[in-house]
1. For the list (1) modelled with pLDDT of 95 or more; (2) surrounded by 11 or more Cβ atoms within 10 Å (Cβ to Cβ), I need the number of the one condition that residue 63 fails.
2. Report yes if some residue within segment 68-82 is of a type in the set (Ser, Thr, Tyr), surrounded by fewer than 17 Cβ atoms within 10 Å (Cβ to Cβ), over 18 Å from residue 9 (Cα atoms) and modelled with pLDDT of 85 or more; otherwise report no.
3. Let me spell it out: the conditions are (1) among the aromatic types (Phe, Trp, Tyr); (2) assigned to a strand (DSSP E or B); (3) touching a Phe, Trp or Tyr at 6+ places or on another chain (Cβ under 8 Å), and residue 131 meets all of them except one. Which number is the exception?
4. Within the set of pairs 6+ apart or on separate chains, which have a first residue in segment 106-128 that is at positive phi, a second that is modelled with pLDDT of 95 or more, and C-beta atoms under 6 Å apart?
5. Are any residues in segment 2-55 in a loop (DSSP other than H, G, I, E, B) and among the polar types (S, T, N, Q), and if so, which ones?
6. Take residue 96 and tell me if it is assigned to a strand (DSSP E or B) and closer than 18 Å to residue 126 by Cα.
7. Restricting to segment 1-42, count the residues that are over 16 Å from the mean Cα position of the chain (by Cα), under 26 Å from residue 119 (Cβ atoms) and hydroxyl-bearing (Ser, Thr, Tyr).
8. Is there a residue in segment 94-102 that is in contact with a Gly (Cβ under 7 Å, 6 or more places away or on another chain), of a type outside the set (Asp, Glu) and more than 22 Å from residue 4 (Cα to Cα)?
Amino acid sequence: MARKVAEGLFHGEGDSTRLLAGRHRETGRLRFPLPTGPDREYYDEVELSPRGKLWSYTIQRFRPKTPFNGRGDDADFKPYGVGYVELPGELIVESRLVANDLSTLKIGQPMHITTEAYRDDENGPVLTYAFAPDGEESRA
């Protein structure tokens, strides 16, 4: 059974995924991820928009150094996108980017939230949130 990389970061899977942010009770400013610890009492939990536009990105073409714990070793590592997605009127969030063809990613491109199994542990797949280009099927 799949589990989330961290509690309080997002809920749902695939198309039903929503990032969880905090809205400061006094200033109304959003903060992602939702604060934890002592600061948590100053924030109300809010769901961020599932859609946005690609603001900036790069392609990770080699396996990052430790403490990276994603799938694969140097021999079978698969490149992935990482970038910033602007959620209109809310925030710009950093995210993994998933696409059928990473060379089709373009700044300003409409994106939607999804999830991706980025590694496995003793209990099965570990999910993180990701954004995918509109028109591409969401992952789980």
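1. (1)
2. Within segment 68-82 (the criterion being of a type in the set (Ser, Thr, Tyr), surrounded by fewer than 17 Cβ atoms within 10 Å (Cβ to Cβ), over 18 Å from residue 9 (Cα atoms) and modelled with pLDDT of 85 or more), the answer is no, since none of the residues qualifies.
3. (3)
4. Note: pairs meeting the criteria are 108/53.
5. 17, 27, 36, 49
6. yes
7. Qualifying residue count for the region: 1.
8. There is at least one residue in segment 94-102 that is in contact with a Gly (Cβ under 7 Å, 6 or more places away or on another chain), of a type outside the set (Asp, Glu) and more than 22 Å from residue 4 (Cα to Cα).
The values are calculated or read from the model by the stated rules, or taken from the named source; none is laboratory data. From a predicted model like this one, the values you see are computed outputs, not experimental measurements. All Cβ positions, glycine included, derive from the backbone under ideal geometry; neighbour counts span all protein chains shown.
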